[in-house]
Amino acid sequence: MYKIKKKQILNKDVELMIVEAPMVAKNAKPGNFLIVRVDDKGERIPLTIVETNGVDVTIIYQKLGYSTTLLSKKEVGDSLCDVVGPLGQPTHIRDDAKRILGIAGGVGAAPLFPQLKEYARLGKTVDLVIGGRTKEHLILVDKYKEFCENIYYATDDGSYGTKGFVTQVAESLYQKNKYDLSIAIGPLIMMKNCVLLNKKYKIKTDVSLNPIMIDGTGMCGNCRVTINGETKFACVDGPDFPAEGIDFEELMARQNYYKKEEKHICKLKLEK
Amino acid sequence: MKIDRVKMPVQEPNIRNCNFNEVALGLDLQLAKIEASRCLDCKNPRCVKECPVNIDIPAFIKSIKEENIEEAYFTIYKSNILPSICGRVCPQEKQCEGACILGIKSEPVSIGALERFVGDYAITNNLKIEECIIENNIKVAIVGSGPAGIACAVSLRRLGYTVDIYEALHEFGGVLQYGIPEFRLPKSIVSTEINKAKTMGVNFFKNIIIGKSITINQLLNEYNYKSIFLGNGAGLPKSLGLKGENLTGIYFANEFLTRVNLMKANQFPEAPTPVRIGQNVAIVGGGNVAMDAARTAKRLGAKNVFVLYRRDMNALPARLEEVHHAIEEEIDFRLLLNPVEFIGENYQVKQVKCEIMELGEKDASGRRRPMPTNKFKTFDIDSCVISIGQSPNPIIKKATPNLEVDNRGRVIVNDYQTSIPGVFAGGDVVTGAATVILAMGAGKDAAIQMDKYIQTNKD
Ligand SMILES: Cc1cc2nc3c(=O)[nH]c(=O)nc-3n(C[C@H](O)[C@H](O)[C@H](O)COP(=O)(O)OP(=O)(O)OC[C@H]3O[C@@H](n4cnc5c(N)ncnc54)[C@H](O)[C@@H]3O)c2cc1C
Ligand SMILES: Cc1cc2nc3c(=O)[nH]c(=O)nc-3n(C[C@H](O)[C@H](O)[C@H](O)COP(=O)(O)OP(=O)(O)OC[C@H]3O[C@@H](n4cnc5c(N)ncnc54)[C@H](O)[C@@H]3O)c2cc1C
Ligand code: SF4
Ligand code: SF4
Ligand code: FES
């Protein structure tokens, strides 16, 4: 069993957990993810490994639908039914990049964290643009402050930093600073717009994709994405990819395939 | 007096195609005895030679005749620890029953049905075999809990080894668990049969992906396993490589069947994993996987389920019984058709375009080769399940560069030993997608080689 050792509410939608999972932690590297099944009937949901200490893993999840809400009902001392990993390829480090701009949207700040931290550890200069719906939705800011040179903020309602999208902030930075690489992680639509913007400024973009997954080992093919006309399995080939050739429209359609069922189960089982 | 081959009672087709309960209901003692009485107890039984694990078939059938089912069970158990499973899923017509002497003039003995009867009797009556295991305290690791891994584990355990099985998924059994549907192989049977290995003292660890959670090197050097068996199967789905294959509504059989069998999506929203199939479903392929996908789609409520296969009916590689059952369940076989393109709208599949094929000369498989005609047909569909085969998953290979594989990703072995000394392999990971009983046979035989290896390399 995988015991919950710590739980922290980051905001009303996002929570952090530290879970004992030595077999996941053992070989985990930045960029890897894991799959959780909350109880023995549960769905398999993928979450990024935000940090490890060799025994425990830190996960940060947004209460989006049924399974993440179920997860959030677990408390310190409870156990999760299944935790498996580390999955996916570790972050591909681009050695030639000297100055990097991280762009985080919402809970995307969680998967971005281990990657940016790794670049900082390797002596690169990293800046961050972090965006969310309101001030409350900007997560992990204190932890980012430990290694980011500059942090810029954007909120939808203007309650903190620039009122508007992360892309607006990034564009203003591109006019002042020279970046070799941008790593953008957030909702698909945000990542798509980041690539469009970065192309304009001739900056390379890496993204982390979050298609629907089941096994996470390359067995089912649910997680496939089309990149430059080729099919990739995000769980084993990714989840990080250079963003330029990704068919985001197709990926959005694939991600939304079960929207109706997801709404239905939430209504049925959570609103009681 | 000539007795006809006993017919296995089944659920009515128009009832069973709406539920997931087992289709074939099994023989009762009376029917089993009648069927057993057909066996000639041959001196030189042809059937035994064609069973990949060489069960003493005439002996166990004789015990059924004598109403000594326990004895029958012990006879089978010596060669096969999963009789309830093999009795259900072996392609008997190509193996034991295909060779039965009675088959020459009339119909072969229903060996599979009898084996299942005995296996199920043992489960219902909780028959246990006390085996005396003398511990040798030598650790061996098994990768994968499919039939190959389980058979290997049990054989090694009997020799006294400390056996640890590592499984990537959250349930044990491999394809028996996530691939073959409930209506053909109830999962309660799979768990009960696997529990026998647990009772013998085999240790099972779930949620551990060898090559990720622990590497082969770590198993050998940190965990001090003296030998490792790779029974990780052929889990990588083959793609058609066609335009439009990533549209929504197009599944690989692995995803579709895993959603239903492992994640119980047929019970959504009781189980939280959904599956959506629509009214018109195309299944591409003609093997067991395709039959399972087609019949599962029907049970999920699809109106029209049709199998697109590029050869003719005689060439279908699926078990005969499954093809018959599929026909009874109104699965439509559209033959000599080869998909060439998926056509969608807003990223949702709407149509599949197929080339009409005709049969040419015989190919290497002995079947007539399907030839393109440059004529096409298009069908409206809501979804499509691609079931054209699997190859081994490359995770272990990628993490273990010195493990040699062939150009199709299959692990290369010599007497079950891989290119890494002490690391053995068997089952689908070596042969490519094959059968349950072949995988079990390989696991068993590999265990003998592993024992030899360990005994000769003792310090
Ligand atoms: C590699 C990877 C890393 C991720 N890391 C994080 C993370 O660190 N923090 C975080 O909050 N979220 C992360 N996600 C997304 C997270 O898995 C989904 O938010 C979660 O599965 C939603 O489940 P739900 O039942 O609560 O919501 P639902 O209502 O079921 O779904 C909400 C949305 O989540 C997506 N989703 C649903 N089921 C799955 C599934 N089985 N696999 C993947 N996506 C699904 C769908 O797009 C859906 O529209 C990651 C996803 C991937 C693939
Ligand atoms: C839908 C379907 C229907 C079938 N029907 C029949 C039938 O009717 N009759 C018949 O005889 N055969 C049938 N087969 C084929 C048969 O199931 C396989 O040949 C057989 O299961 C192979 O056994 P195996 O032990 O080699 O591999 P598998 O059964 O595939 O087991 C391999 C196991 O290893 C695990 N694994 C993989 N990688 C790792 C890793 N890195 N670390 C840890 N664990 C890992 C997997 O999760 C899996 O549990 C069918 C197959 C399918 C897919
Ligand atoms: S294990 Fe399979 S091949 Fe062997 S006797 Fe049983 S059904 Fe026949
Ligand atoms: S070949 Fe047929 S008749 Fe002969 S022993 Fe085997 S099952 Fe019985
Ligand atoms: S999640 Fe199943 S193949 Fe990627």
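Some points to look at:
- Among residues of the range A:13-40 that are under 17 Å from A:G238 (Cα atoms) and away from chain B (no Cβ under 11 Å), those with a beta-carbon under 8 Å from a residue that is of a type in the set (K, R) and away from ligand 1 (no atom under 14 Å from the Cβ) at least six positions away or on a different chain give the pairs A:P30/A:K117.
- Once the range A:217-253 is narrowed to residues that are under 17 Å from the mean Cα position of the chain (by Cα) and of a type in the set (D, E), the residue that is farthest from ligand 4 (Cβ to nearest atom) is A:D240.
- Checking every residue in the range A:142-156 against the condition of being within 16 Å of ligand 5 (Cβ to nearest atom), crowded, with 19+ Cβ neighbours inside 10 Å and touching a residue at least 24 places away in the same chain (Cβ under 8 Å) gives zero matches.
- Helices (runs of 4 or more DSSP H) completely within the range B:386-458 that count 3 or more residues being within 21 Å of the chain's Cα centre (by Cα) and within 12 Å of ligand 2 (Cβ to nearest atom): B:428-431, B:436-456
- Residues of the range B:389-437 satisfying the condition of being within 12 Å of another protein chain (Cβ to nearest Cβ) and under 30 Å from B:G301 (Cβ atoms): B:Q390
- Yes/no for B:C18 being buried (at least 21 other Cβ atoms within 10 Å of the Cβ) and out of contact with any Ser or Thr (no Cβ under 7 Å at 6 or more places or on another chain): no
- Within the range B:224-282, considering residues that are over 26 Å from the mean Cα position of the chain (by Cα) and more than 11 Å from chain A (Cβ to nearest Cβ), the one nearest to A:E261 (Cα to Cα): B:G278
- Complete set of residues in the range A:44-76 that are in contact with a Lys or Arg (Cβ under 7 Å, 6 or more places away or on another chain) and within 13 Å of chain B (Cβ to nearest Cβ): A:R44, A:Y66, A:T69
- Residue match in the range A:54-65 (condition: modelled with pLDDT of 95 or more, surrounded by 16 or more Cβ atoms within 10 Å (Cβ to Cβ) and assigned to a loop (DSSP other than H, G, I, E, B)): no
- Enumeration of residues in the range B:150-172 that are more than 14 Å from every other protein chain (Cβ to nearest Cβ), small (G, A, S), more than 16 Å from ligand 3 (Cβ to nearest atom) and crowded, with 21+ Cβ neighbours inside 10 Å: B:A153
- Looking across the range B:65-80 at every residue that is in contact (Cβ under 8 Å) with a residue 40 or more places away in the chain and of a type outside the set (A, V, I, L, M), the one that is farthest from ligand 4 (Cβ to nearest atom) is identified as B:E70.
- Taken together, B:N261, B:N224, B:N254 contain a single residue that is crowded, with 18+ Cβ neighbours inside 10 Å and either outside the structural domain of B:C354 (by TED's automatic domain parsing) or within 26 Å of B:A399 (Cβ to Cβ) (or both), which is B:N254.
- Selection of the range B:41-72 for residues being closer than 24 Å to B:R319 by Cβ and part of a helix (DSSP H, G or I) yields B:R46, B:C47, B:V48, B:K49, B:E50, B:I57, B:P58, B:F60, B:I61, B:I64, B:A72.
- Per-region count, the range B:146-160, residues assigned to a loop (DSSP other than H, G, I, E, B) and touching a residue at least 60 places away in the same chain (Cβ under 8 Å): 2
- Yes/no for B:L82 being more than 23 Å from B:E328 (Cα to Cα) and either assigned by TED's automatic domain parsing to the domain that holds B:Q177 or of a type in the set (A, V, I, L, M) (or both): yes
- Of all residues making up the range B:443-459, the number that are farther than 17 Å from B:L159 by Cβ and modelled with pLDDT of 95 or more: 0
- Residue in the range B:347-362 that is within 16 Å of ligand 1 (Cβ to nearest atom) and in a loop (DSSP other than H, G, I, E, B) present: yes
- Those residues of the range A:87-136 which are among the β-branched types (V, I, T) and part of a loop (DSSP other than H, G, I, E, B), in sequence order: A:T91, A:I93, A:T134
- Output for the range B:249-301, where each listed residue is among the aliphatic types (A, V, I, L, M), part of a loop (DSSP other than H, G, I, E, B) and either more than 25 Å from B:V436 (Cβ to Cβ) or touching a helix residue (DSSP H, G or I) at 6+ places or on another chain (Cβ under 8 Å) (or both): B:A271, B:V275, B:I277, B:L300
- Which listed residue, of B:K43, B:K62, B:K49, B:K33, is in contact (Cβ under 8 Å) with a residue 40 or more places away in the chain and under 27 Å from B:I104 (Cα atoms): B:K49
- For the range B:89-144, the helices (runs of 4 or more DSSP H) that sit wholly inside it and include 2 or more residues that are away from ligand 4 (no atom under 15 Å from the Cβ), in the same structural domain as B:R38 (by TED's automatic domain parsing) and in contact (Cβ under 8 Å) with a residue 24 or more places away in the chain are B:111-124.
- Any chance A:K192 is surrounded by fewer than 16 Cβ atoms within 10 Å (Cβ to Cβ) and either assigned to a loop (DSSP other than H, G, I, E, B) or away from chain B (no Cβ under 14 Å) (or both): no
- Test: residue in the range A:68-83 that is assigned to a strand (DSSP E or B) and either in contact with a helix residue (DSSP H, G or I) (Cβ under 7 Å, 6 or more places away or on another chain) or within 15 Å of A:Q8 (Cβ to Cβ) (or both): yes
- Matching residues in the range B:189-214 - criterion: being away from chain A (no Cβ under 14 Å), among the charged types (D, E, K, R) and touching a strand residue (DSSP E or B) at 6+ places or on another chain (Cβ under 9 Å): B:K198
- Answer residue from the range B:370-426, given it is of a type in the set (K, R) and outside the structural domain of B:N314 (by TED's automatic domain parsing) and is farthest from B:I209 (Cα to Cα) among those: B:R408
The values are calculated or read from the model by the stated rules, or taken from the named source; none is laboratory data. Not measured: the values here are computed from a predicted model. Every residue, glycine among them, receives a Cβ derived from its backbone with ideal geometry; neighbour counts consider all protein chains shown.
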